[in-house]
Amino acid sequence: MNGEKFKYEVTTLEKFFTPYCSFNHKNQSRQEYSLTYKDTQVQITSYLCNNCHELLLYSFERIQECPHEEKPRCRKCKNNCYQKEKFNQLAKIMAFGS
């Protein structure tokens, strides 16, 4: 995965979290993320509750550690690196935004 693909993946993921969290949860606070992948820096600001913040951080870590040169969609990956419970939570959030 190159830096542009990484930036696309993390910004797209964050776009699913914000509306889901604001609709379903209370007590959002400003969260700032500074992510690095190879030579690419990405800055993201979001308003999330603590639970969504933790899941988004976990998801960012999974993307940063993806072993595939050509990153597949996680739902189609044969070696999914997400814990099953967290993957199911993420799927729920992504379905909400679709």
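Summary of computed values
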read-out	value
Residue in the stretch 17-38 that is at pLDDT 90 or above and aliphatic (A, V, I, L, M) present	yes
Filter pass, residue 66 being buried (at least 17 other Cβ atoms within 10 Å of the Cβ) and in a loop (DSSP other than H, G, I, E, B)	yes
In the stretch 69-98, the residues that are aromatic (Phe, Trp, Tyr) and either open to solvent by 60 Å² or more (accessible area, probe 1.4 Å) or at pLDDT 80 or above (or both)	87, 96
Total residues in the stretch 27-41, condition open to solvent by 70 Å² or more (accessible area, probe 1.4 Å), within 14 Å of the chain's Cα centre (by Cα) and farther than 16 Å from residue 9 by Cα	1
Of all residues making up the stretch 1-16, the number that are within 14 Å of residue 46 (Cα to Cα) and either surrounded by 14 or more Cβ atoms within 10 Å (Cβ to Cβ) or modelled with pLDDT under 90 (or both)	4
Cβ pairs under 8 Å, 6+ apart, first in the stretch 15-29 and on the phi < 0 side of the Ramachandran plot, second assigned to a loop (DSSP other than H, G, I, E, B) and open to solvent by less than 70 Å² (accessible area, probe 1.4 Å)	21/28; 21/49; 22/28; 25/49; 26/49; 28/49; 29/49
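The values are calculated or read from the model by the stated rules, or taken from the named source; none is laboratory data. Source: prediction; values computed, not measured. When we count neighbours, we look across all protein chains shown, and the Cβ atoms used for this are built from the backbone with ideal geometry, even at glycine. Remember, those area values only see protein heavy atoms, side chains included, never the ligands or the DNA or RNA. Shrake-Rupley method; radii C 1.70, N 1.55, O 1.52, S 1.80 Å.
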